[in-house]
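The values are calculated or read from the model by the stated rules, or taken from the named source; none is laboratory data. All figures in this text were calculated on a predicted structure; none of them were measured in a lab. A quick note on method: Cβ atoms are made from the backbone with ideal geometry, for glycine too, and the neighbour counts reach across all protein chains shown.
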Amino acid sequence: MIAVAMSVGVSSLCSAAAPAGENANDLAISLTAQKVSKGPDGKEVLQPAERAFPGEIVQYDAHYLNKGQQPLRNVEPTLPIPRGMTYLPDSAKPAPAQASLDGKKFEPIPLKRKVTLPDGTVEEREVPATEYRALRWVVGRMEAGGQTTVVARAKIVPTQP
């Protein structure tokens, strides 16, 4: 599996790991962070996000290109959502296939958890997307010269005193 992890800090770094027999260097990754705001006309404007502050929304665009001569298998871009940021539900494109509450264990979206009610019964409830700590897309096979882009938005939350 090729797992690609991106830090969602404004100065983000990307990395890739590949299984034996595949060359992670064949997967070129570029990441762009842009602040999302409204222009004077009310339309959405994207600006470089060299610095971002609490309450601002940052859009991450990650572009993947197989620059090798052979297909890559099991390509799974992964975008961590660090503490201090919350994923904006339904902002990812294409929609990610999986999410995680700890950045390690991934499950299909929507995530669910069991909750014990005051009367002792247990029911399954959907976990709010704002609790997601990472997103994962299942790209699968990427042909030589193939490319894909994934996008997600997160909001910077105010720090707690």
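Remark: pairs (first residue in the range 43-56, among the aromatic types (Phe, Trp, Tyr); second residue not in a loop (DSSP other than H, G, I, E, B); Cβ separation under 9 Å; 6+ apart in sequence or on different chains) = PHE53/ILE156. Give me the pairs, please: first residue somewhere in the range 72-83 and on the phi > 0 side of the Ramachandran plot, second residue anywhere and surrounded by fewer than 16 Cβ atoms within 10 Å (Cβ to Cβ) and in a strand (DSSP E or B), beta-carbon distance under 9 Å, and either six or more positions apart or on two chains. So the pair list comes out as ASN74/GLY140; ASN74/ARG141. When ALA49 is tested against (1) under 16 Å from the mean Cα position of the chain (by Cα); (2) at pLDDT below 90, only condition (1) is not met.
Looking only at the range 63-96, which residues are within 15 Å of VAL127 (Cα to Cα) and either among the small types (Gly, Ala, Ser) or in a strand (DSSP E or B) (or both)? THR86, TYR87, listed by residue number. Inspection of the range 89-103 identifies at least one residue that is in contact with a helix residue (DSSP H, G or I) (Cβ under 6 Å, 6 or more places away or on another chain) and at pLDDT below 95. What do you reckon, is VAL4 in a loop (DSSP other than H, G, I, E, B), out of contact with any helix residue (DSSP H, G or I) (no Cβ under 6 Å at 6 or more places or on another chain) and modelled with pLDDT under 80? No, not satisfied. If you filter the range 62-83 down to residues that are crowded, with 16+ Cβ neighbours inside 10 Å and within 11 Å of the chain's Cα centre (by Cα), you find that the one that is farthest from GLY103 (Cα to Cα) is ALA62.
I'd like to check something: does the range 106-126 contain any residue that is more than 21 Å from GLN34 (Cβ to Cβ), surrounded by fewer than 18 Cβ atoms within 10 Å (Cβ to Cβ) and touching a Pro at 6+ places or on another chain (Cβ under 7 Å)? Yes, the range 106-126 contains a residue that is more than 21 Å from GLN34 (Cβ to Cβ), surrounded by fewer than 18 Cβ atoms within 10 Å (Cβ to Cβ) and touching a Pro at 6+ places or on another chain (Cβ under 7 Å). Could you say whether any residue in the range 98-114 is in contact (Cβ under 8 Å) with a residue 60 or more places away in the chain and either small (Gly, Ala, Ser) or on the phi > 0 side of the Ramachandran plot (or both)? For the range 98-114, residues in contact (Cβ under 8 Å) with a residue 60 or more places away in the chain and either small (Gly, Ala, Ser) or on the phi > 0 side of the Ramachandran plot (or both): absent. Within the range 38-80, the set of residues being in contact with a helix residue (DSSP H, G or I) (Cβ under 7 Å, 6 or more places away or on another chain) and of a type in the set (S, T, N, Q) comprises just one member, ASN66.
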